[in-house]
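The structure appears below as structure tokens.
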Amino acid sequence: MKFIQQHTFTTADDAMLIQEYKTTGKLEYLSALYQRYMTLVYGVCLKYLDEASSQDAVMQIFEELIGKVKQHEIQHFKSWLHVLSRNHCLMKLRAMKNRQGLEVPMIEGSFMEMGEAAHHDSEYQLEDHLQSMEKCLERLPAEQKKSVQLFYLQEKSYREVVELTGYEMNKVKSYIQNGKRNLKICMDQHG
């Protein structure tokens, strides 16, 4: 993965690099930040995709970052990037399934999401899992559903969810926590 130039921002923390990138728009700050976590991104991609597709995904995720880092208020870059990478791979799997029928090139037995209970051995189960999640999401109370969708699916920060919904910060955190728990309970019962 030598598509990103080596930079020597080893003493700069993640927040500083994000701020410098947002302020100047210079890719050298973003690429220095991404280099720190490129192996993490590649590892996440390997859980979902084959080796060649994972390498492509690492480059595509960097390209996504160019715009998304400017749009989002990121508190913890490493965990935010992990979620972004996972979502990218899931969307790629879904797109490949829609394009090619059910022939999705996945490394057998390597797909693991949300712990042992949600382990998928085939793309059939992946689609069933996604459909089940969508149905269970519809069953959540309105506040929980809206908060969970904004936080997890649209990758908004707590503060952004507060601004978009008008809910208090403590309520948003509660809705997200309870929504996630209720979603898991529903999926365990129906999945």
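The values are calculated or read from the model by the stated rules, or taken from the named source; none is laboratory data. Since the structure is predicted, the reported quantities are computational estimates derived from the model, not experimental observations. A quick note on method: Cβ atoms are made from the backbone with ideal geometry, for glycine too, and the neighbour counts reach across all protein chains shown.
Quick notes on this one:
- Output for region 134-169, where each listed residue is within 21 Å of S79 (Cα to Cα) and loosely packed, with under 15 Cβ neighbours inside 10 Å: L153, Q154, R159, M169
- Residues located in region 66-83, provided they are among the hydrophobic types (A, V, I, L, M, F, W, C) and more than 22 Å from Q149 (Cβ to Cβ): I66, F77
- Being closer than 12 Å to F77 by Cα, basic (K, R) and in a helix (DSSP H, G or I) is a condition met by at least one residue of region 28-49.
- Matching residues in region 154-191 - criterion: being over 24 Å from L84 (Cβ atoms), charged (D, E, K, R) and in contact (Cβ under 8 Å) with a residue 24 or more places away in the chain: K171, D188
- Any chance S53 is more than 15 Å from D14 (Cβ to Cβ) and either under 10 Å from the mean Cα position of the chain (by Cα) or of a type in the set (F, W, Y) (or both): no
- Residue, modelled with the lowest pLDDT, within region 71-101, restricted to residues that are of a type in the set (G, A, S) and surrounded by fewer than 16 Cβ atoms within 10 Å (Cβ to Cβ): G101
- Of residues in region 5-37 being modelled with pLDDT of 90 or more and among the aromatic types (F, W, Y), the one nearest to L65 (Cα to Cα): Y34
Table: residues versus (1) at pLDDT 85 or above; (2) over 21 Å from the mean Cα position of the chain (by Cα); (3) of a type in the set (D, E, K, R).
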| position | (1), (2), (3) |
| --- | --- |
| Q131 | no, no, no |
| Q177 | yes, no, no |
| K180 | yes, no, yes |
| Q189 | no, yes, no |
